[in-house]
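The values are calculated or read from the model by the stated rules, or taken from the named source; none is laboratory data. Predicted model only: the values in this text are computed from it and were never measured. All Cβ positions, glycine included, derive from the backbone under ideal geometry; neighbour counts span all protein chains shown.
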Amino acid sequence: METNDGTSASEVAIKNNRIQNIELSRIYVNPSQIRRYFDPDEQEKLKNTIQQNGFKGSILLRPLPTALKTSSNQKADFELIYGESRFRAVGELGHETFPAIIQDLAAGSRCR
């Protein structure tokens, strides 16, 4: 996605370095993330908390590297770096957007 001056949406987001709502469909969750298990009971508690109190916080994204672009994630512009449990909970609750901070991080910059 590009702006009128040809700047990509991810470039604008990085320059602004602020929290913004990003469509979940534009976020790629790398299957190589360090964390692989999400306790179902903890996820349910997190969903309940979000339903009761709203969402407070954000996730961390980086522009999706070209090397990770595939036919299955062609709509994605960003890679999830931090906050997968929150990302999953919000998605399961049916939200379409998520507050995120976007930073231009080097490959291999992954958090739990």
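Computed quantities for the displayed model
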item: Meets criteria (within 15 Å of the chain's Cα centre (by Cα) and either exposed (fewer than 13 other Cβ atoms within 10 Å of the Cβ) or of a type in the set (D, E, K, R) (or both)) for E92; result: yes
item: Which listed residue, of A106, A76, is of a type in the set (A, V, I, L, M, F, W, C) and either exposed (fewer than 15 other Cβ atoms within 10 Å of the Cβ) or modelled with pLDDT under 90 (or both); result: A106
item: Residue within segment 44-54 that is modelled with pLDDT under 90 and either under 15 Å from V29 (Cα atoms) or over 14 Å from the mean Cα position of the chain (by Cα) (or both) present; result: yes
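Matching residues to (1) touching a residue at least 40 places away in the same chain (Cβ under 8 Å); (2) in a loop (DSSP other than H, G, I, E, B):
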| position | (1), (2) |
| --- | --- |
| I22 | yes, no |
| N30 | yes, yes |
| Q33 | yes, yes |
| Y37 | no, yes |
| N48 | no, no |
| E79 | yes, no |
| A89 | yes, no |
| G94 | no, yes |
